[in-house]
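The values are calculated or read from the model by the stated rules, or taken from the named source; none is laboratory data. Please read these numbers as outputs of a predicted model, since none were measured by experiment. Don't worry about glycine lacking a Cβ; one is built from the backbone with ideal geometry, like all the others, and counts go over all protein chains shown. When the accessible area is computed, the model is the full protein with side chains, heavy atoms only, and any ligands, DNA or RNA have been set aside. Shrake-Rupley method; radii C 1.70, N 1.55, O 1.52, S 1.80 Å.
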Amino acid sequence: MHTTNYTDIELFNLPQFENELEANTGSDLKIFRNALKQGHDILTERFQDRKNATDYVLQRAWLIDQILLQVWQEHCACLNPGTVALIAVGGYGRGELHPYSDVDLLILLESPMDAVAQNCIEHFVRLLWDIRLEVGHSVRTLAECKQEAASEISVVTNLIEARLLIGSDSLFQAMQAAVAPDCIWPHKEFFAAKLKEQTLRHFKYDDAACNLEPNIKEGPGGLREIQMIGWVAKRHFGATTLHDLIQQGFLTEKEYQTLSEAQEFLWEIRCHLHLVAKRHEERLLFDYQQTLAKCFDCSDDEAGLGVEKLMKRYYRTVKEINTLNDMLLQLFREAILYADMPATVHSLNKRFQVYNDFIEVTHNKVFVNYPFALLEIFLLMQQHPEIKGIRAATIRLILHYKHLIDGAFRKDLRARSLFFEIIRQPQGLTHVLRRMNRYGVLAAYIPAFGNIVGQMQYDLFHVYTVDQHTLCVVRNLRRLSLPEFYDEFPFCSKIIPLLPKPELLYLAGLFHDIAKGRGGDHSKLGETEALNFCQLHGLSDNDARFVAWLVRYHLLMSTTAQRQDLSDPEVIKTFAQRVEDSVRLNYLYLLTVADIRATNPKLWTSWKNVLLIELYQKARTVLEHNQDNVLDKQHHIQEIQKEARRLLNTQDNERITALWKDLGDDYFLYASPQDVARETQAILNHTHPEIPLVLERHETKGGTEFIILTRDRDYLFADTTYFIEQQNLTVVDAYIMLTQSEYTINGYTVVEENGAEISPPERVDEILQGLKQALIRDINMPYSPIIRHIPRQIKHFPVPTRVTFTQNHLNNHTIVDVVTTDRPGVLSRIAQAFVACEVRVKKAKIATFGSRVEDVFFVTDYRNHALYSTEQLDCLRDRLAQLLDEGVPSIK
């Protein structure tokens, strides 16, 4: 759409504009600004009415052409038109401009500027900014243009798309000749450089199109992928449009249609995004996602949130672009990089052969004659790791014939056998599953998996789409058995060789979230899917039901470790009874670790590792020994005390016995013999009981644990947590025990904001001294607000405060579950509510999932009884809601 073949009198009325300029006696800035604003308003109204992004970007480019031509003609008459050219480059050169896209210009000169030309050009550029046009410009001679283009791939790429607006056509032609492949950047070098550029770009965006706030232009599967195809097509094949690649044999009509529709959808998102943000914005930030969902008529209903529907469509679209980009670039490699390479072909079987390290079909009817070959090709890649990939023509055939994977295909014994051979292979499972997902084969073979492709969860906890997360879980499981990754999780790597059938673990990983996005309990729904699949594929009834059990209870170990008191023998006993035997425990533990690590890179912490190992080891002891005294509290305490006495190696047994009696039995449930010995010695040597004793417990892993012995008082938990949160630390575990002498012994396990243990030692000492001084001061309420940076994303995910109570009659305490929005100082606010309602904390388990806090407190009243009073429970619920809902971040 250029000035020569398009006119839009409504968008820009040239005669009327010229009349206004002629009648104007003052500055013409206002006239240009009005023309630009009027055009912008018309385009916006058309777009909101017709939702046609292609029309918008082409018409805006045409509008800017008209404005620029008028500015040039009015203010650059001093330039010799035969020695200068005004050229549109980049996206503007393609004739494509989104609402707030930069207008990239090249002012090309025949020779260096003199003072007159420099003054004229500076005035021209300044005027463009004054009329509120976002301009990116460069001023170069022909020689400078060639020099810059030769040294920088991005410059020559911009110039490939150059379009003459006004000025010397011969100078423009000379520039095009100077940057042609026979002068600079020959075909092979250009293509190799663009490939490297794309690889680096993917690396920058973590090579994952499915992050929470994707960049629709630069991210994998974004608009740059389509532009990449266009640049190579134009540079090497002389194609002026993507449609020209059909005649060249690189694209089919269907593939071209897929690319065009994908581009139109991304263009529509980009137009809406610019208009909503009112600036040049390429990231689908949470700030805009809900508004954009409404623009696309995606509303909330039983099927899910509107924003999840929009993002699912986005993720599926970029997946399609990624697939076609991969295929086309492979075709280009063969045509450009490998054209002169001698062909080396060797046969694998009558259906497949390897051509220069890439697998291909032996003829185009392979998948028609042998549909099971759609799975066989991936098994062959596992069995022959020297194969680098699939030839592009064969990828095209896979995409074309994947519809053959239907109900009959899935019942074919050959297909079932092939799929299980893929799962059982000792290498390459993750790579082929990802390829199968990329080409739609996995979704075709497991239709339930197709439902989760591109499925996102609108929160800060799950950072990948469900299909990407699932494949990450399988990858994590596979890495545990590979020697090169042994150091990552040595405890897990010792367990995985013990599994009798590791393929059952991989199947559980593949199915554990397969029912996400349907509503209801995805674990129960997924259990049914897994059972049906395994039975259909001929697994024994025991194996099929075991895989289904793993899917049903894949969250059991995580929730037990993070939300229950692992020092309580009943908790361990109940968990062990659910698991039933140590073999199941091995499978469940490995699946839990892999699942947590694949949910969010920031979610896994050394503290979670410690909790899961503790639960695993305690449960395994119960399951293997099956002895009554394993869970006997007194037996455990006696063993701890016996070893602690041996370590103390002192004759002062009477004082030790008296102290231990004062501390009470529960203290020994939270301490190792080494802890008991060290802390006993410290307490006996502590000669100033009015001063708190604060110690670091060195045996703790995954966090830094502080032990505090001090006089009991109402505000103790609140004062302690307030000080800790002031130090930018996070409490992950806490317990408070009353001694018989009106003292308390408290344990707080804390981590830095990034989840790491506190370091260096000087910081630990600082906190030890600070805690001591804070408790001496007796801070009391009211506390000053804790001021700390709150991430921008948090405000988009406010979590309504929810408080629930469960009575534990056996241990005579009440379990308080608090769910609320994460923010600085949340724990000390909860502590203040406990004080106000005369509640004593015995134990706390602290967990954060994205913007969501899920804390569990084991509490009593001041008489050490469970909270049975309705008035006290109502007080606590109301007070927690009041304190936690104050200052909750919200969307404005």
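The number of residues in the range 515-538 that are modelled with pLDDT under 95, buried (at least 17 other Cβ atoms within 10 Å of the Cβ) and closer than 20 Å to residue 412 by Cβ comes to 1. Of the set (1) closer than 22 Å to residue 701 by Cβ; (2) touching a residue at least 12 places away in the same chain (Cβ under 8 Å); (3) open to solvent by 20 Å² or more (accessible area, probe 1.4 Å), all apply to residue 581 but (1). Got at least one residue in the range 393-402 being open to solvent by less than 50 Å² (accessible area, probe 1.4 Å), in contact with a strand residue (DSSP E or B) (Cβ under 7 Å, 6 or more places away or on another chain), under 30 Å from residue 338 (Cα atoms) and not aromatic (Phe, Trp, Tyr)? Scanning the range 393-402 turns up at least one residue that is open to solvent by less than 50 Å² (accessible area, probe 1.4 Å), in contact with a strand residue (DSSP E or B) (Cβ under 7 Å, 6 or more places away or on another chain), under 30 Å from residue 338 (Cα atoms) and not aromatic (Phe, Trp, Tyr).
For the range 73-98, which positions are touching a Phe, Trp or Tyr at 6+ places or on another chain (Cβ under 7 Å) and farther than 30 Å from residue 269 by Cβ? Selection gives 75, 76, 85, 86.
When you check residue 861 against the structure, is it open to solvent by 30 Å² or more (accessible area, probe 1.4 Å) and of a type in the set (D, E, K, R), yes or no? So residue 861 fails the test.
For the range 475-495, residues that are open to solvent by less than 70 Å² (accessible area, probe 1.4 Å), in a helix (DSSP H, G or I) and more than 21 Å from residue 599 (Cα to Cα) total 1.
For the range 794-803, the set of residues classified as open to solvent by 60 Å² or more (accessible area, probe 1.4 Å) and either β-branched (Val, Ile, Thr) or within 22 Å of residue 873 (Cβ to Cβ) (or both) consists of 800, 802, listed by residue number. In the range 154-172, the qualifying residues are those that are aliphatic (A, V, I, L, M) and under 9 Å from residue 87 (Cα atoms), and the one that is farthest from the chain's Cα centre (by Cα) is 166. Selection of the range 270-293 for residues being in contact with a strand residue (DSSP E or B) (Cβ under 9 Å, 6 or more places away or on another chain), open to solvent by less than 10 Å² (accessible area, probe 1.4 Å) and either under 22 Å from residue 55 (Cβ atoms) or among the small types (Gly, Ala, Ser) (or both) yields only 273. Residue selection: residue 870 fails the criterion of being within 18 Å of residue 563 (Cβ to Cβ), open to solvent by 20 Å² or more (accessible area, probe 1.4 Å) and among the polar types (S, T, N, Q).
Can you pull out the residues in the range 194-230 that are open to solvent by less than 20 Å² (accessible area, probe 1.4 Å) and part of a helix (DSSP H, G or I)? Residues satisfying the conditions are 194, 198, 223, 225, 226, 228, 229. Pairs, please: C-beta under 9 Å, at least 6 apart or cross-chain, first residue farther than 19 Å from residue 556 by Cα and in the range 523-536, second of a type in the set (Asp, Glu) and in a helix (DSSP H, G or I)? Final answer for the pair search is 534/543; 535/541.
Every residue, every condition in (1) modelled with pLDDT under 95; (2) more than 23 Å from residue 714 (Cβ to Cβ), yes or no:
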{"site": "799", "(1), (2)": "yes, yes"}
{"site": "804", "(1), (2)": "no, yes"}
{"site": "823", "(1), (2)": "yes, yes"}
{"site": "828", "(1), (2)": "yes, no"}
{"site": "836", "(1), (2)": "yes, no"}
{"site": "840", "(1), (2)": "yes, no"}
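Among the numbered conditions (1) assigned to a helix (DSSP H, G or I); (2) over 25 Å from residue 476 (Cβ atoms), the only one that residue 423 does not meet is (2). All of 11, 69, 43, 63 fail the test of being assigned to a loop (DSSP other than H, G, I, E, B), of a type outside the set (Ser, Thr, Tyr) and open to solvent by less than 30 Å² (accessible area, probe 1.4 Å), apart from 11. Could you tell me whether the range 334-357 includes any residue that is more than 16 Å from residue 393 (Cα to Cα), modelled with pLDDT of 90 or more, in contact with a strand residue (DSSP E or B) (Cβ under 7 Å, 6 or more places away or on another chain) and open to solvent by 70 Å² or more (accessible area, probe 1.4 Å)? Yes, that holds for at least one residue.
Looking at the range 612-702, what helices (runs of 4 or more DSSP H) fall wholly within it and have at least 2 residues that are within 18 Å of residue 768 (Cα to Cα) and touching a helix residue (DSSP H, G or I) at 6+ places or on another chain (Cβ under 9 Å)?
On the way: elements: 633-648, 653-663, 673-685.
Because the criterion is at least 2 residues that are within 18 Å of residue 768 (Cα to Cα) and touching a helix residue (DSSP H, G or I) at 6+ places or on another chain (Cβ under 9 Å), the helices (runs of 4 or more DSSP H) in the range 612-702 that meet it are 673-685.
Across the range 155-190, the qualifying residues are those that are open to solvent by less than 50 Å² (accessible area, probe 1.4 Å) and among the polar types (S, T, N, Q), and the one among them that is nearest to residue 117 (Cα to Cα) is 168.
Please count how many residues of the range 449-468 are open to solvent by less than 10 Å² (accessible area, probe 1.4 Å), under 28 Å from residue 407 (Cβ atoms) and either of a type outside the set (Asp, Glu) or assigned to a loop (DSSP other than H, G, I, E, B) (or both). Steps first, answer last, please.
Quick first cut of the range 449-468, residues open to solvent by less than 10 Å² (accessible area, probe 1.4 Å) only: 449, 452, 454, 456, 465-467.
Subsequent filtering for residues that are under 28 Å from residue 407 (Cβ atoms) retains 449, 452, 454, 465-467.
Checking the rest, the ones that are also either of a type outside the set (Asp, Glu) or assigned to a loop (DSSP other than H, G, I, E, B) (or both) come to 449, 452, 454, 465-466.
Going through the range 449-468 one residue at a time, the tally reaches 5.
Comparison of 710, 704, 680 shows that the only residue that is surrounded by 15 or more Cβ atoms within 10 Å (Cβ to Cβ), closer than 26 Å to residue 862 by Cα and at pLDDT 90 or above is 710. Restrict the check to the range 318-333 and report whether at least one residue is under 28 Å from residue 46 (Cα atoms) and out of contact with any Ser or Thr (no Cβ under 6 Å at 6 or more places or on another chain). Checking the range 318-333: at least one residue is under 28 Å from residue 46 (Cα atoms) and out of contact with any Ser or Thr (no Cβ under 6 Å at 6 or more places or on another chain).
I want to confirm something. Restricting to the range 622-641 and keeping residues that are open to solvent by 60 Å² or more (accessible area, probe 1.4 Å) and more than 22 Å from residue 747 (Cα to Cα), which single residue is nearest to the chain's Cα centre (by Cα)? Outline the logic, then answer.
Filtering the range 622-641 down to residues open to solvent by 60 Å² or more (accessible area, probe 1.4 Å) leaves 624-629, 632-636, 638-639.
From what is left, the residues that are more than 22 Å from residue 747 (Cα to Cα) are 624-629, 632, 635.
Details: 624: 39, 625: 42, 626: 43, 627: 45, 628: 46, 629: 46, 632: 44, 635: 47 Å.
Residue satisfying both the conditions and the ranking: 624.
Can you spot a residue in the range 763-776 that is open to solvent by 70 Å² or more (accessible area, probe 1.4 Å), more than 28 Å from residue 605 (Cβ to Cβ) and in contact with a Leu (Cβ under 7 Å, 6 or more places away or on another chain)? No, the conditions are met nowhere in the range 763-776. Testing residue 854 on (1) buried (at least 17 other Cβ atoms within 10 Å of the Cβ); (2) modelled with pLDDT of 95 or more; (3) not aromatic (Phe, Trp, Tyr), one condition comes back false. Which one is that? Failed condition: (2).
Restricted to the range 91-133, and to residues there that are in contact with a Ser or Thr (Cβ under 8 Å, 6 or more places away or on another chain) and assigned to a loop (DSSP other than H, G, I, E, B), the residue that is least open to solvent (accessible area, probe 1.4 Å) is 99. For the range 233-267, residues that are assigned to a helix (DSSP H, G or I), among the hydrophobic types (A, V, I, L, M, F, W, C) and within 34 Å of the chain's Cα centre (by Cα) total 6. The single condition from (1) open to solvent by 20 Å² or more (accessible area, probe 1.4 Å); (2) in a helix (DSSP H, G or I) that residue 547 fails is (1). On inspection, residue 436 does not qualify as modelled with pLDDT under 95 and open to solvent by less than 10 Å² (accessible area, probe 1.4 Å).
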